[in-house]
Amino acid sequence: MRTTPKADPALLVVEDDAEIREQMKWALSSDYAVSEAGDRRSAMAAVRREAPQLVLLDLGLPPAADSASEGLAALREILQFNPGTKVIVVTGNGEQAVALEAVERGAWDYVSKPADLKALKVILERAHHMATLEEALRRSHQVPTDGTFCRMLGQSPGIRQVFEAVRRVASTEVSVLITGESGTGKELVARAIHALSARKDGPFVTINCGAIPETLLESELFGHEKGAFTGAHRQQKGKLEYAQAGTLFLDEIGEMSLPLQVKLLRFLQDGQLERVGGRELIRVDTRVLAATNVDCREAIASGRFREDLFYRLSVVEIAIPPLRERGEDVLLLARAVAQRVSNDLNQRVKGFSPAAVQALQAHAWPGNVRELENKIQRAVLMAAGPTIEPADLDLPGGEPAADQRTLREARAQLEKECIQRALLAENGNISRAAEQLGISRQALHDLIGKHGLANPR
Ligand SMILES: Nc1ncnc2c1ncn2[C@@H]1O[C@H](COP(=O)(O)OP(=O)(O)OP(=O)(O)O)[C@@H](O)[C@H]1O
Ligand SMILES: [Mg+2]
């Protein structure tokens, strides 16, 4: 593996004839850090070990030295390991068809035996130049490593893959299906795609297919003409039309009824729609993103979801991993939320005790980031000191706080929590918080004093 930027580029020579291998090595080692392999297995071992930028690959490798099968298999495996590798295949004389096939399968170039060293050097130099450019380009497109990306936090490999996918699809127009358990950040991902796309200055329109009764969903999506049905007193544009030049986010797409699925598919196919009760075809240019937390493939199998629509919507699928599979992200998110809530509420909470950290890591987070946000917000409110303890988190299996408390303490704690919740909900408005709590403003002021609470803004 190259360690310093000045080191020679790594080149792997895969060739079963030891003599030719030696010649190559001798001719090329002034410009390259050459390693060698005599068959596919040792070639792959070297690829994994050295991650060479360049590979010179003889296609006729043992045990099938007379055909190109081993060489082509090696080509596939090398590119699978790193698609950026520049592989130059070496073929016997008169095997141009095989050489072209290799290029079709991703080889950078080919030379035929016996290789003309001067020509080979030129090819290698060009390949090296291109690989270096591509690497630089990839690096410049990489997601920043500070753990934030379009309002999303995370450093785990799983979430970084999501960020990468978002960046890749954002510049395209393809339909994206975002899948993930409830609370994993599907809507945030959809917003990120929109924000990074060329449509960012257009509208981002959300429609939750699960929250709207089926009969209303159609006119919500497609709009309706005056008199289309009882109660349609005036013409109304649908959400699809409002998404013109922007992005339409279809949340909980798995809940959409079959007849509506047909209508949506038709729109996706021709980019035109008809309002309910309308005759005019309206052209709408919008990009469609969809999300689901149910397994669409299962829904297809049981006939609740149309396969053709599924393929339309899921040209690319971004699967967001559940929080419990994101390792340290739990703590990263917990700290960020604690800090935010603490600031918002003027609380002194600074962090988590070691036991609380352990409890956070042990919990399975079935409600994912949303659950974490709720639990941390509550914990900040509950914490007696600057450090959040396991009991404040109220996680199952944790020490229930009430166990050691006297009735007076429990009452006081509950009182404090209710007041803070009300203040939080009413944005610190004393009158409205008092009303919510069913007490007078003066009583609320007194209680705020008694509990030493700071009023949020
Ligand atoms: N990576 C993240 N970093 C910071 N906040 C996040 C992240 N992922 C999710 N959140 C927050 O978690 C909450 C849930 O996110 P979101 O609404 O996008 O999830 P969802 O998958 O659409 O949930 P549901 O299935 O319930 O609709 C939001 O408050 C969001 O801001
Ligand atoms: Mg959502």
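The values are calculated or read from the model by the stated rules, or taken from the named source; none is laboratory data. Keep in mind that what you see is a predicted model, and the values were worked out from it rather than measured. Glycine gets a Cβ as well: all are built from the backbone with ideal geometry, and neighbour counts include every protein chain shown. Accessible surface areas use protein heavy atoms only, side chains included; no ligands, DNA or RNA. Shrake-Rupley method; radii C 1.70, N 1.55, O 1.52, S 1.80 Å.
Some notes on this structure:
- Test: residue in the range 281-304 that is within 18 Å of the chain's Cα centre (by Cα), modelled with pLDDT under 95 and acidic (Asp, Glu): yes
- Only listed residue being modelled with pLDDT of 90 or more and closer than 30 Å to LEU153 by Cα, chosen from ARG370, ARG441, ARG421: ARG370
- Of all residues making up the range 360-374, the number that are within 12 Å of ligand 1 (Cβ to nearest atom) and either among the small types (Gly, Ala, Ser) or surrounded by fewer than 20 Cβ atoms within 10 Å (Cβ to Cβ) (or both): 6
- Test: residue in the range 188-210 that is in contact with a Pro (Cβ under 7 Å, 6 or more places away or on another chain) and of a type outside the set (A, V, I, L, M): no
- Restricted to the range 181-210, and to residues there that are within 10 Å of ligand 1 (Cβ to nearest atom) and assigned to a loop (DSSP other than H, G, I, E, B), the residue that is farthest from ARG151 (Cα to Cα) is GLY210.
- Just so you know, in the range 201-218 the residues that are out of contact with any Ser or Thr (no Cβ under 8 Å at 6 or more places or on another chain) and at pLDDT below 90 include one that is farthest from ligand 2 (Cβ to nearest atom), and it is THR215.
- Criterion applied to VAL337, VAL341, VAL330, VAL357 was being assigned to a helix (DSSP H, G or I), in contact with an Asp or Glu (Cβ under 7 Å, 6 or more places away or on another chain) and either on the phi < 0 side of the Ramachandran plot or open to solvent by less than 30 Å² (accessible area, probe 1.4 Å) (or both), and the one residue passing it is VAL337.
- Candidate set from the range 15-27 (those that are part of a helix (DSSP H, G or I) and open to solvent by 60 Å² or more (accessible area, probe 1.4 Å)); member that is farthest from MET130 (Cα to Cα): GLU19
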